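Chemist: What follows is a structure written as structure tokens; I'll ask about it next.
The values are calculated or read from the model by the stated rules, or taken from the named source; none is laboratory data. Remember, predicted model here, so these are calculated numbers, not experimental data. Note that each Cβ is placed from the backbone with ideal geometry, even for glycine, and that neighbours are counted across all protein chains shown.
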Amino acid sequence: MGRYDLRDRIAALDPEADHLEIYQLSSGREFPWDYTRALEFALFRTYCVPSISKLLAATGEFRDRPQRRYDDTALLMAEMAAHGYDSARGRDALRVVNRAHGRYAITNDDMLYVLSTFVYDPIDWLSLYGWRPLHEHEKLAAFHYYRAVGARMGISDIPGDYDSFRRFKAEYEERHFTYSDTNREIGHYTVELFAAWFPRIARPAVRLGVRGMLDDRMLRAFGFDPAPRWVGILASLGLRARARALRFFPPRRESVLGKPQRNRTYPGYPSGYQPSDLGAPPPPDDLPAEFRRSSRQGQGNIDMT
């Protein structure tokens, strides 16, 4: 198999009708490491929105169980991608996600924004650090894939085309990225989670490196001091050098979807585990009423069974 054979296979597929297959090839075989890093930063980006960070701070989950929250999110999303959102495991994963979200008063726009980061943050990352340019079909397939997932999560008013959804994301960030203490709190827990994956001696460098990868708008929203300019330059040069080297690697023959490297909570997953074994516990008893979904609030088309 040649280095560009998977790209050519993707080019022969339909980005709407074959969006799942394209997304599986792109995220599981062509750019698995990049998709993982980009989706980590995509979630990090959502914590710049005070309405999102305030809820996360109120649950206490990021303070008490940050690794489990990371593992649950990564594994549930991987189940949908690896097996398909309409497969038995994919539907089970969606059910867990919907049950968790259905416990809280989350606005549709906040849900829609988080969904948009899953589409466009990996695309933006790969435009800078991918070993080859993304094919247009890969970009469109990501949009159609997450649009289908969003519909099954009960998210309404998802824009009908790629450019409109990107505009929504940009406009949402312009309106809602602003500093709050809860942004800083959740941002701190997230940086510490990233640092904990490395030996203790390397953790100060990891913390500095993460700040070096954040754009100015994110730094302001978190209230983080910017890293020295050389940190971001060095990180970017390293990622670009990695991309150039990967052009000479043989193509990956097996997908890594559903086999996340950072999982610490469920040893040996997926052996012996089902998606229903994952997920956050019920809301704490002292959760403020403003975050609890009332019985009068609609559930959209979320499958809560």
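Chemist: Out of the residues in the range 192-209 meeting the condition of being within 20 Å of Leu239 (Cα to Cα) and touching a residue at least 40 places away in the same chain (Cβ under 8 Å), tell me which one is surrounded by the most Cβ atoms within 10 Å (Cβ to Cβ).
Modeler: Phe194
Chemist: List the number of the failed condition for Glu185; all other conditions in (1) crowded, with 18+ Cβ neighbours inside 10 Å; (2) under 18 Å from the mean Cα position of the chain (by Cα) hold.
Modeler: (2)
Chemist: A follow-up question, please. Report whether or not Gly150 is among the small types (Gly, Ala, Ser) and outside any helix (DSSP H, G or I).
Modeler: The answer is no for Gly150.
Chemist: Within the range 87-110, is even one residue more than 13 Å from the chain's Cα centre (by Cα) and within 22 Å of Glu138 (Cα to Cα)?
Modeler: Within the range 87-110, one or more residues are more than 13 Å from the chain's Cα centre (by Cα) and within 22 Å of Glu138 (Cα to Cα).
Chemist: Go through Ala142, Ala196 for me and flag whichever is under 17 Å from the mean Cα position of the chain (by Cα) and among the small types (Gly, Ala, Ser).
Modeler: Ala142
Chemist: So is Leu278 farther than 14 Å from Val96 by Cβ and at pLDDT 85 or above or not?
Modeler: no
Chemist: Now, a different point. Among the numbered conditions (1) in a helix (DSSP H, G or I); (2) in contact with a helix residue (DSSP H, G or I) (Cβ under 7 Å, 6 or more places away or on another chain); (3) of a type in the set (D, E, K, R), tell me where Asp157 comes up short.
Modeler: Unmet for Asp157, out of (1) in a helix (DSSP H, G or I); (2) in contact with a helix residue (DSSP H, G or I) (Cβ under 7 Å, 6 or more places away or on another chain); (3) of a type in the set (D, E, K, R): (1).
Chemist: Scan the range 78-91 for residues that are farther than 17 Å from Gly150 by Cβ and surrounded by fewer than 18 Cβ atoms within 10 Å (Cβ to Cβ) and report the count.
Modeler: Counting residues in the range 78-91 that are farther than 17 Å from Gly150 by Cβ and surrounded by fewer than 18 Cβ atoms within 10 Å (Cβ to Cβ) gives 2.
Chemist: Mind checking which residues of the range 98-110 are under 16 Å from Ser156 (Cβ atoms) and either out of contact with any Lys or Arg (no Cβ under 7 Å at 6 or more places or on another chain) or crowded, with 18+ Cβ neighbours inside 10 Å (or both)? Even if it seems obvious, please write down each step before you answer.
Modeler: Taking the range 98-110 as the starting set, the residues that turn out to be under 16 Å from Ser156 (Cβ atoms) are 98, 101-102, 105-110.
If the condition is that a residue be under 16 Å from Ser156 (Cβ atoms) and either out of contact with any Lys or Arg (no Cβ under 7 Å at 6 or more places or on another chain) or crowded, with 18+ Cβ neighbours inside 10 Å (or both), then Asn98, His101, Ile106, Thr107, Asn108, Asp109, Asp110 are the ones that fit.
Chemist: From the list Leu128, Leu94, Leu75, exactly one residue is assigned to a helix (DSSP H, G or I), surrounded by fewer than 21 Cβ atoms within 10 Å (Cβ to Cβ), in contact (Cβ under 8 Å) with a residue 24 or more places away in the chain and of a type in the set (A, V, I, L, M, F, W, C). Which is it?
Modeler: Only one candidate passes the filter, namely Leu128.
Chemist: Select, from Pro159, Pro199, the only residue that is farther than 24 Å from Arg65 by Cα and out of contact with any Gly (no Cβ under 7 Å at 6 or more places or on another chain). Working first, answer last.
Modeler: Numbers: Pro199 fails: farther than 24 Å from Arg65 by Cα.
It is Pro159.
Chemist: Starting from residues that are touching a Ser or Thr at 6+ places or on another chain (Cβ under 7 Å), more than 27 Å from Leu257 (Cα to Cα) and among the hydrophobic types (A, V, I, L, M, F, W, C), keep the ones in the range 39-62 and report whichever is surrounded by the most Cβ atoms within 10 Å (Cβ to Cβ).
Modeler: Ile52
Chemist: Shifting gears a bit: Take the range 15-38 and flag every residue that is part of a helix (DSSP H, G or I), surrounded by fewer than 20 Cβ atoms within 10 Å (Cβ to Cβ) and among the hydrophobic types (A, V, I, L, M, F, W, C).
Modeler: Trp33
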